Amino acid sequence: IQREPGFSKLTQEHVEHFRELLGTESAVVDGVSKDASEDIEPFNSDWMRKYRGHAKLVLKPQSTEEVSQILKFCNDNKLAVVPQGGNTGLVGGSVPVFDEIVINLQKMDKIRSFDEVSGILVADAGVILEVADNFLAEKNHIFPLDLGAKGSCQIGGNVATNAGGLRLLRYGSLHGNVLGIEAVLPDGTILDDLSTLRKNNTGYDLKQLFIGGEGTIGIITGISILTPQRSPAINVAYFGLASYEKTQQAFREAKGQLSEILSAFELMDGNSQHIVNKVTGKKMPLEGDHPFYCLIETSGSNTDHDSEKLQAFLEHVMENDIVEDGVLAQDQTQIQELWSFREGISECLGHWGGVYKYDLSLPIAQMYDLVNDVRDRLTKAKLIGDDDSYPALDVIGYGHMGDANLHLNIPVRRYDKKVEKELEPYVYEWVQSRKGSISAEHGLGIAKKAYIGYSKSDSMIKLMKQIKGLYDPNGIMNPYKYM
Ligand code: FAD
Ligand code: 2HG
Ligand code: ZN
């Protein structure tokens, strides 16, 4: 791709303008003037270190009003921008492609209000997910989203990507939980849709476009979200199973027997667990080797009742040869230990060099067939193996089984065109032919932009482009991405 010639290049005058507007503390400048107060590099490269941009300016507004003034100026001067939260996104959406100005929300980090009766939280977009959840914990509530990057991702970034995470099975998607959004449009208009109403049928639900909009139509500055009561009783069990067929049986049994207390059902294949073990040095939770593992979490209001239920479930699945072995966490430390074997996979996979990542929605019965097919394909092409002469190390499948969301990851020693050619469009065609989605929860960003046609029809893409044109006629918001 080429830099869009219609966009202006940043000048010293632009920088001066922003300095006056925000103060020197809120601008990270590189190249344009010499007095860089902070290294600009981390804002230019993504979490995977796969995508790197060349922004010379990062702005950190402290209020919605400042965001509005920044965007109005950028729009008037045709300066392209990239909204950025915690920069943990996995599709290269949060970093510039060329020299777009980064607008990072980290200084908008205030909790605005919390209603103890309704459980509705209103907060700035830049609040870190874990900070929001810790705040809610003191009020006996829980953020209805949890994911491995909670320590650095921001709730605005979560909403912008419509992140799914580890408990969607229980609490549902952000499309349902987010009640209101405050956002700034490219022309500086502040869209105050920060409703705290659960029900509001007064026309098109505009906030939904920002949920999963990936910063292409405006910047989210505040959100209001319905948060559930925190469950006093949390239990976690971890199982080893002999086949993918058995994991499906276990899932059915879990839904049937644990019903309303089931809060997560996660799938990890054997290879993923060996990698966590190898990279972290942590002991495997179970003795012996199993081709598949599942992590089950329950959240309920009565410890005795929940433990009894989970114990009975465990006995049932063991007696009926659905699971081969299992362990029930005995305390908080062990709960975290077991979760680390699921949440740690993504980070551990990056240990060797690169990772080809696919985040797919598929019919649950066929989900793991893809992992086997891809492994066969790379084996046939002689691209996968144990020694350094092979580019690929492994093919890994794991994910949010309860949501039929597979994470197919291929860790590589180095990025290699031959590997890429075996994977794409093969994976996308595979998914399309099963009517799946090429992006279940991570979004499109730059990584999936070219493949949107595998999951959306031409008429839908046309409408999406019309919507984009309506909100952002100059195309300054997160260009080169999404569609
Ligand atoms: P960023 O990465 O900064 O931005 C993501 C996108 O949103 C970009 O397009 C950016 O331009 C836009 N954006 C950011 N903030 C705003 C804003 N205020 N207004 C408008 N646009 C904005 N995702 C899941 O769905 N489920 C998981 O289980 C999961 N686990 C993860 C585990 C790890 C270890 C990592 C690194 C990532 C994981 N992710 C997961 C990816 C996920 O998308 C992000 O972690 C998170 O939702 C992004 O938040 P962020 O603040 O880092 O956003
Ligand atoms: C997870 O569920 C994340 O761990 C990351 O969505 C998945 O890295 C991945 O592919
Ligand atoms: Zn995930």
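Laboratory data are not the source of any read-out in this text; all were calculated from the coordinates shown. Given the structure is predicted, the values throughout are model-derived calculations rather than measurements. Positions of Cβ are generated from backbone atoms using ideal geometry, with glycine treated the same way; all protein chains shown enter the neighbour counts.
Structure summary
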read-out: Nearby aspartates and glutamates by direct alpha-carbon distance to LYS456 (threshold 17 angstrom, same-chain neighbours under 8 apart not counted); value: GLU214, ASP359, GLU429, GLU441
read-out: Subset of LYS139/LYS207; LYS207/LYS421; LYS282/LYS449; LYS110/LYS282; LYS150/LYS382; LYS357/LYS380 violating a 30 Å alpha-carbon distance limit; value: LYS207/LYS421; LYS282/LYS449; LYS110/LYS282; LYS150/LYS382
read-out: Selection from THR280, HIS316, ILE234 lying farthest towards where the dipole of segment 233-343 points positive, charges on Cβ; value: THR280
read-out: Ratio Rg/Rh, restricted to segment 292-394 and using Cα atoms, in which Rh is the Kirkwood radius; value: 1.07
read-out: Sparse-neighbourhood loop sites, trypsin sites (Lys or Arg not before Pro) in segment 247-292 - DSSP loop, at most 12 other Cβ within 10 angstrom; value: LYS283
read-out: Compactness index (Cα Rg / 2.2 N^0.38 Å), segment 1-96; value: 1.06
read-out: Global form of segment 233-343, assessed from the alpha-carbon gyration tensor, a/c cut-off 1.5; value: oblate
read-out: Gain upon complete extension [LYS380, LYS283; 0.36 nm per residue less C-alpha separation]; value: 31.6 nm
read-out: Crossing angle, helix 332-343 versus the chain [Cα axis fit, 0-90 degrees, rounded to tens]; value: 70 degrees
read-out: Stokes-Einstein D in µm²/s, Kirkwood radius over Cα pairs - segment 101-150 at 20 °C with 1.002 mPa s viscosity; value: 184 µm²/s
read-out: J(HN,Hα) series, segment 87-98, from Karplus relation 6.51 cos²θ - 1.76 cosθ + 1.60, nearest Hz, glycine and proline x; value: 6, 10, x, 10, 10, x, x, 9, 10, x, 9, 10
read-out: Translational D in µm²/s for the chain (Stokes-Einstein at 37 °C, 0.692 mPa s, Kirkwood Rh from C-alpha pairs); value: 139 µm²/s
read-out: Crossing angle, helix 64-76 versus the chain [Cα axis fit, 0-90 degrees, rounded to tens]; value: 60 degrees
read-out: Coil-residue GluC sites (Glu not before Pro) of segment 113-172, DSSP, other Cβ within 10 Å capped at 10; value: GLU116
read-out: Environment charge at LYS456 (Cβ cut-off 12 Å; Lys +1, Arg +1, Asp -1, Glu -1); value: +3
read-out: Quotient of Cα Rg and 2.2 N^0.38 Å for segment 358-483, N being how many residues it contains; value: 1.20
read-out: Potential lengthening between ASP193 and SER389 on full extension [0.36 nm per residue; Cα-Cα distance subtracted]; value: 65.0 nm
read-out: Karplus-derived HN-Hα couplings along segment 290-307 (A = 6.51, B = -1.76, C = 1.60, θ = phi - 60°), whole Hz, x at Gly and Pro; value: 10, x, 9, 9, 10, 10, 10, 10, 10, 9, x, 9, 9, 4, 4, 4, 5, 4
read-out: From phi via Karplus (6.51, -1.76, 1.60), per-residue ³J(HN,Hα) for segment 169-186 in Hz, x at Gly/Pro; value: 3, 8, 9, x, 8, 4, 4, x, 7, 6, 9, x, 9, 10, 9, 10, 7, x
read-out: Degrees between helix 129-138 axis and first principal axis of the chain (Cα, 0 to 90, nearest 10); value: 70 degrees
read-out: Estimated dipole of segment 233-343 in Debye, rounded to 20 [Cβ of Lys and Arg +1, of Asp and Glu -1, Cα centre]; value: 360 debye
read-out: Potential extension, PHE73-SER433 segment - 0.36 nm per residue separation minus Cα distance; value: 125.0 nm
read-out: Amide H contacts of ASN302 (H built 1.01 Å from N, under 5 Å, at least 5 apart or other chain); value: ALA233
read-out: Cleavage-rule hits, GluC sites (Glu not before Pro), segment 1-105, DSSP coil, Cβ neighbours within 10 Å at most 16; value: GLU38
read-out: 10 Å beta-carbon shell around ALA183, net charge (K/R +1, D/E -1); value: -2
read-out: Segment 122-274: proportion of alpha-carbon pairs further apart than 26 angstrom, %; value: 36 percent
read-out: Separation between Cα centres of segment 114-137 and segment 217-243, rounded to whole Å; value: 13 Å
read-out: Size of charge dipole - segment 210-272 - debye, nearest 20, with Cβ of Lys, Arg +1 and Asp, Glu -1, no other charges; value: 160 debye
read-out: Cα gyration tensor, segment 45-87 - rounded (a/c under 1.5), prolate or oblate; value: oblate
read-out: Alpha carbon centroid spacing (whole Å) that separates segment 267-303 from segment 371-431; value: 21 Å
read-out: Cα-only Debye scattering, segment 224-276: base-10 log of I(q)/I(0) at q = 0.16, 0.19 Å⁻¹; value: -0.64, -0.81
read-out: Tensor-based shape of segment 128-217 (alpha-carbon gyration tensor, a/c under 1.5 rounded, otherwise prolate or oblate); value: prolate
